[in-house]
Amino acid sequence: MASSFAGPSRFGMHSDVLSATPEDDASKERLVEELKSRAKVSVGQKNWPEAEALYTKAIEVNPAPGTSAAAALHGNRSMARFSMGNFAQALEDANEAVAADASYSKGFYRKGQACSKLNRFSEAVAAYTSGVALEPENKLFKKLLKKAEEDAANYTEPADEPPVASVGGARGPPSAPIESDADFRARMAATGGPVATGPMTAQARKKDASAKATPAAPRAQAADSEEEDEDLKGVNLRGYKKTSDGRTTSFFNNELDEKSKALIGDITPQAIKPTDAAAAAAPTAGGGSAWNSAGTFEAKNKTEWASAKLEEVLVGLEVSLPEGMGTVKVHALKDLTGDAEVTTMRNKKKYLFDFEFTLEWRGELKDIGSCKGTLKYPDVTPDCDGEYDVLYEVDKHTPPQARGVLDAFVRSSAQGLQPAITSRIGSFIEAYKAEF
C-alpha cells in the first residue's frame, strides 16, 4: 500500500530523491542507496513519517523486488509504520518482507510485533516460532514467543455488538454519535483548527446578507486608464497599486524613497571574490561547511574508518578466566557488514552506525586444552545502549568437559568475554565521536 506521506512537497529537504525518476537499473540502485542512507538518519532522529516516505520511495524504485534487499526495505518501513502506530500497515510490510526472503529473521520479528498489537496472538506465535527456528540461540525471540503464547491463551475475542436501527429503519452497525456544534467549536479552539461550521460562519452570513441588500456602487473610471498596462485592462485590480512612476504592481511591493535608499546603501549583487569563496568553504564550528550555514542537513560517510576501528579494538581482546582456569581470546572479525555516517542538522551532530559481524574466539583451558567457536552480533547500533543480541556457537570438536566453563564465561552476557566485548564497543563509540 502506498503511503500518504510519501510526497516531495511534505519533505522539501528530500524532494530531490523523492521526485527522482531513474530509468536504468544502475541509476535505480544508486537512488535506493541514497534513500536508505537518508532514511537511517530519519530513524536515528525518530522522524518516522520521513523515514516511511524515504523507504516507500526506495521500495518503488528498487530494481530487484523479491530479494533479500527488498525484504530489508519492507522490514524497515514496517518498523517506521509500527512506531507511528500504523500496525495494520506494519503487518503488511512484514508479510512482504518474509515473502521476499524466508530467511530474514527480522521480518518475523516485525510480523510478531504487529500481530501482537492487533491482538492476533496466534499469528504472533507462528511468527516468533519461525524466528526461533532461524535463530535458535536468540533469547529475544524465545522471550517474545513465550509472551505471545501466554497472550493467546488468555485472550478472549470481544463479543459482536448487536445491530442497531439506522436511517429508514434498516438494521446496521452502530454509528458514531454526531458531534454538536458547540463541541466541534471547543475541539477546534483547543487544537488551533478552524471553528467555522456549515458553509459560512455567522459573521460571513451577516456580511453576505448586507452585501446583497446594498447595491454595488459603480467603480470610478481611473483618470489614467489609457495608460494602464495592456494585459491588465478589464481586470479587477484589487490587490494592485500604482507606483510613483505610474507602474502597476502588487499591493505588497515596498517602494523605497530616497531617504530609505540612502540608509540601506548599495545592495547591487557583487561577484564573489576567490578569497571569500575559500573562507566560505571552510568548515564551521557546528561541523558542516559554511555553504550550509543554515545547518539544514549534511551526511558524511565514515564506514571505512569505523570498520577498521572495530577490527582494531576487538581483534586480540583476551580475557583471563578466574582461578587460573585459562584464557579466551578474540581471534578474528568476520563477515562485517553495515555502514557509519556522521550527520549534521541544525549544527547538531549525530554519530550513526549499523553493523553486523561475527567474532571468532579461541580458548585455552587448564587441564582441558584448546577450544573455539563464534559470537555473532547481528545488530550493533547506537540504539542498543550496550545491550546486544549475541548468537553463541561452539565448535563441534570441543571437549565435552569444556562446555560448563564456556557456558559460564563465553556464552554468558554477565561475565567473561561478552562484557569485555561490550566494553570495547563502547571504546569504539567514544573514539568515533572524538575523531569526528
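The values are calculated or read from the model by the stated rules, or taken from the named source; none is laboratory data. None of these values were measured; they are calculated from a predicted model. With ideal geometry, Cβ positions are generated from the backbone for all residues, glycine too; neighbour counts draw on all protein chains shown. Ligands, DNA and RNA are excluded from the accessible area calculation, which covers all protein heavy atoms including side chains. Shrake-Rupley method; radii C 1.70, N 1.55, O 1.52, S 1.80 Å.
What to note about this one:
- Applying the set (1) modelled with pLDDT under 95; (2) closer than 17 Å to ASP379 by Cβ; (3) assigned to a helix (DSSP H, G or I) to GLU137 leaves exactly one unmet item: (3).
- Some residue of segment 347-360 being out of contact with any strand residue (DSSP E or B) (no Cβ under 8 Å at 6 or more places or on another chain), surrounded by fewer than 17 Cβ atoms within 10 Å (Cβ to Cβ), on the phi < 0 side of the Ramachandran plot and in a strand (DSSP E or B): yes
- In the set ALA420, ALA408, ALA431, ALA414, only one residue is over 29 Å from the mean Cα position of the chain (by Cα) and more than 18 Å from ARG362 (Cα to Cα); that residue is ALA414.
- Annotation: of all residues in segment 404-430 being free of Cβ contacts under 8 Å to residues at least 12 places away in the same chain and outside any loop (DSSP other than H, G, I, E, B), the one that is most open to solvent (accessible area, probe 1.4 Å) is GLU430.
- Any hit, segment 113-128, residues being within 23 Å of LYS40 (Cα to Cα), out of contact with any strand residue (DSSP E or B) (no Cβ under 6 Å at 6 or more places or on another chain) and in a helix (DSSP H, G or I): yes
- Residue in segment 70-85 that is farther than 19 Å from MET345 by Cα, open to solvent by 50 Å² or more (accessible area, probe 1.4 Å) and of a type in the set (S, T, N, Q) present: yes
Okay, residues lined up against (1) surrounded by fewer than 16 Cβ atoms within 10 Å (Cβ to Cβ); (2) farther than 28 Å from ARG411 by Cβ; (3) in contact with a helix residue (DSSP H, G or I) (Cβ under 9 Å, 6 or more places away or on another chain):
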site	(1), (2), (3)
ALA97	no, yes, yes
SER103	yes, no, yes
LYS106	no, no, yes
TYR109	no, no, yes
CYS115	no, yes, yes
LYS139	yes, no, no
LYS142	yes, no, yes
GLU149	no, no, yes
ALA152	no, yes, yes
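- Considering each residue of segment 373-392 in turn, at least one proves to be open to solvent by 50 Å² or more (accessible area, probe 1.4 Å), within 16 Å of LEU317 (Cα to Cα) and either modelled with pLDDT of 95 or more or in contact with an Asp or Glu (Cβ under 8 Å, 6 or more places away or on another chain) (or both).
- Between LYS36, LYS40, LYS46, LYS28, the distinction of being in a loop (DSSP other than H, G, I, E, B) and within 24 Å of GLU298 (Cα to Cα) belongs to LYS46 only.
- Meets criteria (over 22 Å from LYS349 (Cα atoms) and either in contact with a Phe, Trp or Tyr (Cβ under 6 Å, 6 or more places away or on another chain) or not in a helix (DSSP H, G or I) (or both)) for PRO378: yes
- Any hit, segment 121-133, residues being open to solvent by less than 40 Å² (accessible area, probe 1.4 Å), under 20 Å from the mean Cα position of the chain (by Cα) and hydrophobic (A, V, I, L, M, F, W, C): no
- Test: residue in segment 146-166 that is within 29 Å of the chain's Cα centre (by Cα), at pLDDT 65 or above, part of a helix (DSSP H, G or I) and not polar (S, T, N, Q): yes
- Evaluating THR337 against the criteria (1) loosely packed, with under 14 Cβ neighbours inside 10 Å; (2) over 39 Å from the mean Cα position of the chain (by Cα) leaves one unmet condition, (2).
- Close pairs (9 angstrom Cβ cut-off, 6 or more residues apart or separate chains): among the basic types (Lys, Arg) in segment 307-335, open to solvent by 30 Å² or more (accessible area, probe 1.4 Å) and assigned to a strand (DSSP E or B) anywhere: LYS329/GLU318; LYS329/ARG362; LYS329/GLU364; LYS334/GLU360; LYS334/THR374
- Subset of segment 393-403 (residues that are open to solvent by less than 50 Å² (accessible area, probe 1.4 Å) and part of a loop (DSSP other than H, G, I, E, B)): ASP395, THR398, PRO399
- Residue in segment 299-309 that is at pLDDT below 70, open to solvent by less than 60 Å² (accessible area, probe 1.4 Å) and assigned to a loop (DSSP other than H, G, I, E, B) present: no
- For the criterion of being open to solvent by 50 Å² or more (accessible area, probe 1.4 Å), out of contact with any Phe, Trp or Tyr (no Cβ under 6 Å at 6 or more places or on another chain) and at pLDDT 60 or above, ASP257 passes.
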